[in-house]
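Take a look at the structure set out below.
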Amino acid sequence: MKFVFNITAILCILSAVLPTTGVFAQQGAGKLVTVAGRIIHSGDSTPKVVKVNFFHPLKSYNKSARLDENSAFRVQEEMIFSQNMTVQFGDFFIYLYVQPGDSVHLTIDASKLTKGNFDWLIITGDQAAFSSQLNNCVNYLYKLPHPKYDFTASSENMLQQVKKSYSSYMEALEKYAHLNALDPAVTEWARCDIRYLISNQINDYVDINKISFPSQQERIRLFTHAFFDTHNTANFRSAMFSYHLANYAYMITRSDTAVARSLKESRLRDAFKQGVSILLKEPATPCRDLMIYRFISSLTDKEPALLDSLGNLDSIFTKSFYTAYLKDEVTRKQYPVFPNTPLPGVSYLTSRGETEPLPAQDLFSYLTGKYPGKVIYIDVYATWCGPCRAEFRQTPALHSAFEKKEVVFVNLCLESDSAAWNKMIKEQNLDGENYFLDGDAGHLFMGTYGLPGYPSYILVNKDGKIVTIRAPRPSEGGRTVSAIASLMKDGKK
């Protein structure tokens, strides 16, 4: 899976400052980071859920928390790197920088949310001064005009475009830093972060499926240029750097004909051997570790049990904790267990085209009760998500494969405008059962079920059990049909 974001999604990935103690935690078990907060002067329309993304490079999911009776929340995550993270409250993003072991407290004044410059926010605790400056800085930088790139250009020409774009960002940053007396550490962090924002902006310059092999290799080499500083571990201070590494790993493995053939034929062990051999040619750094980790994780997404057949992985990583994280991740994939979570704010589109609110209840209990004895394939999407819309073009064929069979296709729209939801259903002709989750419900859903982003696909068997939150996409064709058909056969994975 390539890691592609539009500028709206990128706003969820914004970050913070360069710590004086360095980027890495002790290279072993991480340390817990605690983010707590309280909402003051709240009203009936004030959001009741916060979504927290630590951007842990080895855990591709968000966390969320419902406010308690005191309008307070508390979320923790083990962190291994000093890096940026975000807290989302309604439509607002709070940008923090944390070191492993940090504790941060937020006070949010709901009566001042309409005011600019984060006047509604007070940050206390570790890195508070840095994070307080950071919010306005990144809010300014990420709203600058989006640069346009010519994706038909040669790699040499594209490099010049990249450098020109970076220079424009740096000119704006220097002006901002001077006018706002920006801490030099914040400025240094921003220089790093913008570099990998640009990497993401030109992600599609290497389209494995649309350009010839020689062109692929020429374009991939652009991402190894000194400008991107790909093996400098100090760059982990920006969460965008992890996405740069993941994209690069995708490029150099999927452009290999042996890996591509093995994946197409579902020979995942062969794909593992060839892909890892390619990645091991990179310098032996934590950057390479992350690339290998992401590659193996993409294979276990398809077949979690694969990990058991790969033997001792410690020898391919420079640090053994990567293997431990892989095992933990696979356990989540193989044996997903989730708490009963009542969700207020869920609506259903009836066959008459009318929107009806549902009572607050656990959504999966509701779905399995409504469609007993049926396999349920759930598409989790947002209206602004480009890859989601691309997948919708593949869904008619998937639906046709199970016409008049005991399969229900459910579409869940999250983090979107309700009018845009209704419009998309009509324009995309979205067949199946259509549900809309409001802001709080969407944030709580994503955090409760540990979804990595949009689109996500979930499979529920005939017994009403979630068997995977990483189901194959409609565009994966035969693999998706097989995954659904196997559950129709016996109700079990």
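The values are calculated or read from the model by the stated rules, or taken from the named source; none is laboratory data. Treat the numbers as computed from the prediction; the structure is a model and nothing was measured. When we count neighbours, we look across all protein chains shown, and the Cβ atoms used for this are built from the backbone with ideal geometry, even at glycine.
Identify, from the list Arg269, Arg288, Arg352, Arg294, the residue that is in the same structural domain as Gly464 (by TED's automatic domain parsing) and of a type in the set (D, E, K, R).
Numbers: Arg269 fails: in the same structural domain as Gly464 (by TED's automatic domain parsing); Arg288 fails: in the same structural domain as Gly464 (by TED's automatic domain parsing); Arg294 fails: in the same structural domain as Gly464 (by TED's automatic domain parsing).
After applying the criteria, what remains is Arg352.
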For Phe409, work out the one condition from (1) surrounded by 21 or more Cβ atoms within 10 Å (Cβ to Cβ); (2) of a type outside the set (S, T, N, Q); (3) at pLDDT 95 or above it doesn't fulfil. (1)
Does the stretch 213-252 hold any residues that are surrounded by fewer than 17 Cβ atoms within 10 Å (Cβ to Cβ) and either farther than 27 Å from Val186 by Cβ or in the same structural domain as Ser82 (by TED's automatic domain parsing) (or both), and which are they? Phe213, Pro214, Ser215, Gln217, Glu218, Arg221, Thr224
Number of the condition not met by Pro396 [criteria: (1) crowded, with 18+ Cβ neighbours inside 10 Å; (2) in a helix (DSSP H, G or I)]: (1)
Scanning the stretch 131-173 residue by residue, those aliphatic (A, V, I, L, M) and either surrounded by fewer than 14 Cβ atoms within 10 Å (Cβ to Cβ) or in contact (Cβ under 8 Å) with a residue 60 or more places away in the chain (or both) turn out to be Leu134, Val138, Leu144, Met158, Leu159, Val162
Residues within the stretch 222-245 that are in a loop (DSSP other than H, G, I, E, B), under 10 Å from Gln83 (Cα atoms) and of a type in the set (A, V, I, L, M, F, W, C), tallied: 0
Give the residue, chosen from Tyr348, Tyr377, Tyr293, that is touching a strand residue (DSSP E or B) at 6+ places or on another chain (Cβ under 6 Å) and closer than 26 Å to Lys264 by Cβ. Tyr377
One residue is enough: does the stretch 438-454 have a residue meeting the conditions over 14 Å from the mean Cα position of the chain (by Cα) and within 16 Å of Lys370 (Cβ to Cβ)? no
Is one or more of the residues making up the stretch 312-332 touching a residue at least 24 places away in the same chain (Cβ under 8 Å), touching a strand residue (DSSP E or B) at 6+ places or on another chain (Cβ under 9 Å) and either under 21 Å from Ile458 (Cα atoms) or not assigned by TED's automatic domain parsing to the domain that holds Ile458 (or both)? no
Any idea which residue in the stretch 319-358 is surrounded by the most Cβ atoms within 10 Å (Cβ to Cβ), counting only those that are assigned to a loop (DSSP other than H, G, I, E, B), more than 25 Å from the chain's Cα centre (by Cα) and not small (Gly, Ala, Ser)? Leu358
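Is it true that some residue in the stretch 378-390 is surrounded by 15 or more Cβ atoms within 10 Å (Cβ to Cβ), assigned to a helix (DSSP H, G or I) and not hydrophobic (A, V, I, L, M, F, W, C)?
Step one: of the stretch 378-390, the residues surrounded by 15 or more Cβ atoms within 10 Å (Cβ to Cβ) are 378-385, 387-389.
Next, only the ones that are assigned to a helix (DSSP H, G or I) stay: 387-389.
With not hydrophobic (A, V, I, L, M, F, W, C) added as a condition, the list becomes 387, 389.
Yes: the stretch 378-390 contains one or more residues that are surrounded by 15 or more Cβ atoms within 10 Å (Cβ to Cβ), assigned to a helix (DSSP H, G or I) and not hydrophobic (A, V, I, L, M, F, W, C).
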Candidate set: the stretch 412-431, residues that are surrounded by 19 or more Cβ atoms within 10 Å (Cβ to Cβ) and in a loop (DSSP other than H, G, I, E, B); chosen: the one modelled with the lowest pLDDT: Leu430
